[in-house]
Amino acid sequence: MHKTTVESGEFLKGFLPHLENTPEDREIVLCVPFTALSFMCKILHGTRVKLGAQNVHWAEEGAFTGEISANMLKEFNVNYVIVGHSERRQYFGETDETVNGRLLAAQKHGITPILCVGESKAQREAGETEAVIAKQIEKDLVNVSQDNLIIAYEPIWAIGTGDTCEAKEANRVIAFIRSLLSNKNVTIQYGGSVNANNIDELMAQPEIDGVLVGGASLNPDSFGRIVNYQPL
């Protein structure tokens, strides 16, 4: 929940110049608040940056005050949407069942969902990381196509805490997630205190296909450095 439309415009003025020499095979997505989608849709048109949303409702329409449907997102040429972020699960009652509904709604309208999974600090310390993630994957992906899907491993204990999961451990967990999938080519990202100082090491890991960036994406220069990571 950051940036008004005015602030979004200022961000792009600082960020877009960083993409002049970004390798063509890198895909950049900005997942912005709903209030900024209309503005960003127009400004990003013709650039290489794709537009994403932060949530989507499972219903086409109805008595769901405050919610946003996939059809509403499509009006702004939204290509991606985050589903099941840990903050939605933690603060807003998101369950694996509602996550599943949101995934299906996004795919129905041709939007690629970015499914977030991950364990809490207590679960990790109890040695339950794999069991928690396996349960999330099993329940979240019921009837969901793995051909139009991105998964983000975001250990809850590492989000916004500065306590980044070690790159090799993130790689190990992502390999585990991949082993649970029928489509081994699904893009799997890492998210959790990603920043300009650890991006090179993270992206050097063979199982990590990309990153879901939080706080470090708010500054155009730090996010530019992340987008332009240097392969080790």
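The values are calculated or read from the model by the stated rules, or taken from the named source; none is laboratory data. Here the structure is a predicted model, which is why all the values come from computation and not from measurement. With ideal geometry, Cβ positions are generated from the backbone for all residues, glycine too; neighbour counts draw on all protein chains shown.
Among the residues of this structure, S86 counts as one that is farther than 21 Å from N143 by Cβ and touching an Asp or Glu at 6+ places or on another chain (Cβ under 7 Å). Segment 115-232 holds helices (runs of 4 or more DSSP H) entirely within its bounds, and those carrying 1 or more residues that are farther than 23 Å from D25 by Cβ and of a type in the set (V, I, T) map to 129-140, 167-179.
Of everything in segment 118-140 that is touching a Ser or Thr at 6+ places or on another chain (Cβ under 9 Å) and in contact (Cβ under 8 Å) with a residue 40 or more places away in the chain, the residue that is farthest from I68 (Cα to Cα) is G118. Scanning for something at pLDDT below 95 and out of contact with any Lys or Arg (no Cβ under 8 Å at 6 or more places or on another chain), does segment 125-145 turn up at least one residue? Within segment 125-145, one or more residues are at pLDDT below 95 and out of contact with any Lys or Arg (no Cβ under 8 Å at 6 or more places or on another chain). Residue by residue through segment 174-197, note down the ones that are surrounded by 20 or more Cβ atoms within 10 Å (Cβ to Cβ) and closer than 12 Å to L149 by Cβ. Passing the criteria: I177, I188, Q189. Restricting attention to segment 184-232, the residues that are of a type in the set (D, E), touching a Leu at 6+ places or on another chain (Cβ under 8 Å) and farther than 22 Å from T161 by Cβ add up to 0.
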